[in-house]
1. Return yes when Val212 is farther than 17 Å from Arg172 by Cα, among the aliphatic types (A, V, I, L, M) and either under 41 Å from the mean Cα position of the chain (by Cα) or in a strand (DSSP E or B) (or both) and no when it is not.
2. Could you please find all residues in region 315-349 being in contact with a Leu (Cβ under 8 Å, 6 or more places away or on another chain), open to solvent by less than 70 Å² (accessible area, probe 1.4 Å) and free of Cβ contacts under 8 Å to residues at least 40 places away in the same chain?
3. Give region 153-162 a look and list any residue that's surrounded by 12 or more Cβ atoms within 10 Å (Cβ to Cβ) and not in a helix (DSSP H, G or I), or say none.
4. On the given criteria, is Val352 touching a Leu at 6+ places or on another chain (Cβ under 9 Å) and either surrounded by fewer than 17 Cβ atoms within 10 Å (Cβ to Cβ) or at pLDDT 90 or above (or both)?
5. In region 103-157, which residues are within 30 Å of Pro217 (Cα to Cα) and more than 33 Å from the chain's Cα centre (by Cα)?
6. Based on this model, can you work out whether Ala180 counts as modelled with pLDDT of 90 or more and either surrounded by 15 or more Cβ atoms within 10 Å (Cβ to Cβ) or aliphatic (A, V, I, L, M) (or both)?
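The values are calculated or read from the model by the stated rules, or taken from the named source; none is laboratory data. Computed from a predicted structure; not experimentally measured. Every residue, glycine as well, gets a Cβ built from its backbone with ideal geometry; the counts of neighbours run over all protein chains shown. Accessible surface areas use protein heavy atoms only, side chains included; no ligands, DNA or RNA. Shrake-Rupley method; radii C 1.70, N 1.55, O 1.52, S 1.80 Å.
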Amino acid sequence: MPRTKPLSGARADSAAAASVRPPNTPAPAKPKGARGGTPDRARTPKAFDSSDTTTEPIVLTGGDVSASPFTVVPAPIVRPAVAPAAEPEPTSERSGGTAGARAARSVLRAAQRARKRFERAEVRRFTGRARRRRTAWIVGLGSIVFAFGLIIGAAYSPLMALRTIEVVGTSRIPATDVSAALTGQLGTPLPLIDSDVVKGELSEFTLIQSYVTESRPPGTLVVRIVERVPVGVLAGPTGFDLVDAAGVVIETTPERTAGYPLIDAPDGIDSAGFKAAAAVLAVLPETIRSQLDTVTAVTTDDVTLSLLGGERVVWGSPEKSEYKAVVLAALLVGHPAGTVNEYDVSSPDSAVLR
């Protein structure tokens with residue numbers, strides 16, 4: 001039976017270390033000195049301590065299982081040196097808790113500000129339409145008030161003072177006379193012209209039937225006049241008075257004015273006969289009125305016209321006078337004066353010739 005020899009020296013120490021090293025653990029590196037891997041002689045080796053060693057039996061098996069085991073003392077295991085205790089942190093580092101609290105409060109305040117900004121943005125977003133509508137109303141009302149104030153200020157300023165009077169629609173009345181009557185209003189702002197004063201001045205002209213004033217900025221007043229239209233002649237003690245449908249005397253002449261019929265109203269201009277005759281004459285066209293000689297009316301329903309040739313026209317009441325005038329004009333075309341003695345248009349739908 002073969003005999004196992006004990007390992008000696010360094011070989012025994014290496015085998016012992018290999019037997020106690022866990023599997024798959026790399027072998028410790030060999031210490032190298034300053035040159036060529038030789039041990040550093042300047043380094044002082046650690047003194048041997050029996051407490052740093054462990055003894056385990058190593059069983060060597062061979063062909064004879066009854067061989068006595070050898071006990072090998074392993075090489076000492078060097079434990080790593082314990083790192084020295086850390087030195088206490090300076091006082092400034094121990095105060096990190098206060099700095100952290102300050103940082104936390106700063107973050108909290110930033111979050112609160114961000115939350116408030118977000119809430120304000122949401123409020124603006126949800127109230128945007130109402131704010132735009134309110135802004136539009138304010139701007140619109142402000143513009144209206146500003147424009148109104150500007151107009152009022154300009155209207156009552158000297159820039160709008162009356163400087164020119166323009167008279168329109170006169171034929172019998174001299175326009176210069178009307179302008180001269182209203183010269184008292186010159187220099188007055190157009191909105192401040194007194195209408196009562198204008199009415200009083202123009203009422204002195206009997207030929208004016210109606211009038212309308214028109215302000216034309218910056219300083220012109222236009223007076224549009226409607227003169228009275230004469231319809232007939234009334235015989236008076238001093239001559240012949242040319243009157244309109246209201247009986248207002250337009251002019252008085254010693255001789256009868258040509259082209260106008262003589263109105264025969266025994267009861268005067270205030271009678272019903274005169275009013276009926278004047279109403280008929282007011283609607284007659286100029287072509288028929290120029291052929292009339294006289295108009296007689298005692299009551300409202302017995303208006304009678306006499307032509308220059310002596311023919312009579314039975315008119316009746318002033319009702320439907322426009323229609324009767326059209327029928328009479330047609331009869332005069334179809335049956336001229338001189339061929340008929342009488343035209344009866346009192347019933348215009350069934351006119352009668354005699």
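1. Taking the combined requirement at face value, the residue satisfies it.
2. Within region 315-349, Trp315, Leu331, Val340, Glu342, Tyr343, Asp344, Val345 meet the criteria.
3. First, pick out the residues of region 153-162 that are surrounded by 12 or more Cβ atoms within 10 Å (Cβ to Cβ): 154-156, 159-162.
The answer is Tyr156, Ala161, Leu162.
4. Values: touching a Leu at 6+ places or on another chain (Cβ under 9 Å): no; either surrounded by fewer than 17 Cβ atoms within 10 Å (Cβ to Cβ) or at pLDDT 90 or above (or both): yes.
No; evaluated as a whole, the condition is false for this residue.
5. none
6. It is true that Ala180 is modelled with pLDDT of 90 or more and either surrounded by 15 or more Cβ atoms within 10 Å (Cβ to Cβ) or aliphatic (A, V, I, L, M) (or both).
Results for (1) part of a strand (DSSP E or B); (2) in contact (Cβ under 8 Å) with a residue 60 or more places away in the chain; (3) hydrophobic (A, V, I, L, M, F, W, C), shown as yes or no for each residue.
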site: Gly149; (1), (2), (3): no, no, no
site: Glu166; (1), (2), (3): yes, no, no
site: Val198; (1), (2), (3): no, no, yes
site: Ile225; (1), (2), (3): yes, no, yes
site: Val233; (1), (2), (3): yes, no, yes
site: Asp241; (1), (2), (3): yes, no, no
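Okay, residues lined up against (1) in a strand (DSSP E or B); (2) out of contact with any Asp or Glu (no Cβ under 9 Å at 6 or more places or on another chain); (3) within 20 Å of Ser321 (Cα to Cα); (4) in contact (Cβ under 8 Å) with a residue 60 or more places away in the chain:
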position	(1), (2), (3), (4)
Ala246	no, yes, yes, no
Phe274	no, no, yes, no
Val280	no, yes, yes, no
Asp293	yes, yes, yes, no
